[in-house]
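Nothing in this text is a laboratory measurement; each read-out follows from the coordinates by a stated rule. These figures come from a predicted structure and were not determined experimentally. Backbone-built Cβ (ideal geometry, glycine too); neighbour counts: all protein chains shown.
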Ligand code: NAD
C-alpha cells in the first residue's frame, strides 16, 4: 500500500541506513495533491565525507572481485526491479507526478541499462592486446576502475537517470555515492533501499546522501571522489563542470535543452501530430528530450496548428495514479509558477496563445501543481518562449519557408543542442537534416529521440559539458586505460 507520507529521508553509508543529523530540512510534495510527502535533510559536509570515505574504502576490495562475481549483483538488481515493478512505479508517480504509464517506462529504461552494463563490462571493459609489435615485444592495454564516483541526479527521471551510471560503475569495479534530487528523492531512495537489502551488495559499494547544492559541492571536492556524473539544468551544469575541473575530477555533465520538431509538407500528419503531442506533453513537458518548438515548413502551418491544438485540448490532465490520466502535474509549486510566468511572457511578447494551460482545473485536487497543455502560434525566434528552456507543457509553433531555414533556426536560435526531430517522407531531406543539425540526438519521424542503453546519451552546445556521454560511454568514463609493453 502506498503511504501518504514517507517521513524523513535517510542516507546510506557503508551499508548502514542512518538518519542525517542535519536540522536543515526541505519539504518534498506529492505534486498531484499538493500535500507534503517527505522531509529531505540537507546533509552536512561531514556526512558527505563519511559516505565518500565508505565508498573509497569499499573500492579497495570491490575492484578485486572478479567481473563474473560483480555482475551477479547486477542480475540480482534486475530482480529487485522486476519484483517491485508496480511499487516502484507508484512511488515514482506519487513523488514526481508523471503518469503511472510513464513511471513504468522510466523503470523499463533503467532495466535496459542494467542489461547493457552487464554486456558492456565484459565486451568493452576488457582491453586490447597486440603481439609482436616489435621483435619480442607485446603491447596490451587493460581498463581499470578508478575508485568512488558521485552520481548527481535531476528530478525528472528519479529511477532511470541514476541507472544511466550506477550499473556500469558497479560492473566495472567502481563504487558510488548517489545524490537524488531534493524535489523527489523517494523513488531513488526506496529503490536503493530495496537493492541494498535484497542483493546484499558489499557495504559501501552503493551509498546515498540527501541534499542540494552544498551536498554536490562537498561530493566533488572530497578527496575520496574520482569523478562526478551530473544531469540537470545548464546553469548548474556549468558550475559543476567548472568545480570538477578545479578539483581535477573527470566529469560527465548533461545540461538543459530546447528541442525543435520540424514538419515538412510531405510528412504523414496522422503520425506526426500524436508523436509531437507525446513529445511535448509527455512527463508534463519535463523531459530533456521534450519537443518545445515546432517549426512548420511551407504551406502546412495552419493545418498543423489546428491539429496540435485539437489534440492538446483532448489530453486528460489529472493525478498520474489514475490509469486514464494522460498528463500529470508538474513537479513543484515553484515549477508551476515559473511555467505560468513563461506563458505570460509569451503573451506579452505577442505570440498567439491558442490554448492556455493556466486555465486548467483538476476538481478533485485543487492544491495539485497542474498546468494544462499550452500551445502558442505566431512565435518569433527572438522571443523568450522560443529560445529558453521552459521545462513544462508549453509548445511554441513557428513557420519557415524552407527546410534549410529550419536547420538554421535550430542551430542558431538557441544555445542548446540536445535533440531535434524531422517529420518527412523524404530520405534525402532526412539525411541532410541529420548531417546539418548540431544536436546530440536526431529524430526522424520520432518525437522523442531517446537513445537506447547500448548507445551514448548526451547533447551538444550548452546541453552538454565533457567528452564521454551517459549510458554505454560510461565504460570509458568509469575506467582508465593502462598500457603494458612487455619484452621477453
Ligand atoms: P537542477 O540543475 O536544478 O538540479 C540537478 C541536481 O543538481 C540536483 O540534484 C540538485 O540538488 C543539484 N543542484 C542544484 N543546484 C546546484 C548547484 N548550484 N550546484 C551543485 N548542484 C546543484 O535540475 P533539475 O531541475 O533537477 O532537472 C531539470 C533539468 O535537467 C532540465 O534543465 C533538464 O533539461 C535537465 N536534464 C537534462 C538531461 C540530459 O540528458 N541532458 C536529462 C534530464 C534532465
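Extension gain residue 238-residue 129, at 0.36 nm per residue separation less the Cα-Cα distance, in nm?
Stretched out fully, the residue 238 to residue 129 stretch lengthens by 35.4 nm.
What is the helix-to-structure angle for 67-83, meaning the angle in degrees between its Cα long axis and the longest Cα principal axis of the chain, kept from 0 to 90 and rounded to the nearest 10?
Roughly 40 degrees, rounded to the nearest 10.
Relative to the longest principal axis of the C-alpha atoms of the chain, give the angle of the C-alpha long axis of helix 234-246, reported between 0 and 90° and rounded to the nearest 10°.
Value to nearest ten degrees: 20.
Calculated FRET efficiency, residue 67 and residue 39, Cβ-Cβ r, R0 35 Å, to nearest 0.05?
0.30
How big is the gap, in Å, between the Cα center of region 1-77 and the Cα center of region 362-400?
Rounded to whole Å, the Cα centres lie 35 Å apart.
If packing is taken as the average count of other Cβ atoms within 10 Å, what order do 320-332, 262-274 fall into, highest mean first?
In decreasing order of mean packing, 320-332, 262-274 become 320-332, 262-274.
So how do 165-177, 228-240 stack up, highest first, on mean other-Cβ count within 10 Å?
165-177, 228-240
Express in nm, to one decimal, how much length is gained between residue 303 and residue 101 on full extension, taking 0.36 nm for each residue of separation and deducting their alpha carbon distance.
Net length gain for the segment: 69.7 nm.
FRET efficiency for residue 122 and residue 426, Cβ-Cβ distance as r, R0 = 45 Å, nearest 0.05?
0.65
With each pseudo-label sitting 7 Å past Cα toward Cβ, what's the residue 79-residue 144 distance in nm, one decimal?
Output for this residue pair reads 3.4 nm.
Can you give the percent of C-alpha pairs in region 178-249 whose distance is more than 18 Å?
Result: 45 percent of Cα pairs exceed 18 Å.
In whole percent, what relative contact order does region 281-387 give with Cα contacts below 8 Å and a gap of six or more residues?
Averaging sequence separation for qualifying contacts and normalising by length gives 26 percent for region 281-387.
Based on other C-beta atoms within 10 Å, arrange 308, 422, 130, 289 from fewest to most.
So the ranking, lowest neighbour count to highest, is 130, 289, 308, 422.
In nm, give the distance between the simple-model label positions of residue 334 and residue 87, each being 7 Å from the Cα along the Cα-to-Cβ direction.
The two pseudo-label positions are separated by 3.2 nm.
If a/c stays under 1.5 just call it rounded; otherwise compare a/b with b/c (prolate if a/b is bigger, oblate if not). Do that for region 26-87, with a ≥ b ≥ c from the square roots of the Cα gyration tensor eigenvalues.
Because a/c hits 1.5 or more and a/b fails to exceed b/c, region 26-87 counts as oblate.
Any idea how far the Cα center of region 179-209 sits from the one of region 115-144, in Å?
Using only Cα atoms to place each centre, the spacing works out to 32 Å.
Can you give me the angle between helix 85-96 and the longest principal axis of the chain, using Cα atoms only, in degrees from 0 to 90, rounded to the nearest 10?
Value to nearest ten degrees: 60.
Say a paramagnetic label sat at a point 7 Å from the Cα of residue 25, along Cα to Cβ; which residues of region 186-206 have their backbone N under 18 Å from it?
186
Run through the DSSP bridge list for the chain and note the antiparallel percent, rounded to the nearest 5.
45
In deg cm²/dmol and to the nearest 500, what is the mean residue ellipticity at 222 nm of the chain if only DSSP H runs of at least 4 residues count, each as -39500 (n - 2.57), divided by the residue total?
Result for the chain, helices only: -12000 deg cm²/dmol.
Need one word for region 328-461: rounded, prolate or oblate. Basis is the Cα gyration tensor (sqrt eigenvalues a ≥ b ≥ c); a/c below 1.5 gives rounded, then a/b vs b/c decides.
prolate
Zone of residue 60 (label point 7 Å along Cα→Cβ, backbone N under 20 Å): which residues in region 145-168?
Under cut-off, by backbone N: 145-150.
According to the square roots a ≥ b ≥ c of the eigenvalues of the Cα gyration tensor, what is the shape class of region 116-184, taking rounded for a/c under 1.5, prolate for a/b larger than b/c otherwise, and oblate for the remainder?
Verdict is prolate for region 116-184.
Ranked from highest to lowest mean number of other Cβ atoms within 10 Å per residue, what is the order of the peptides 95-105, 114-124, 401-411?
95-105, 114-124, 401-411
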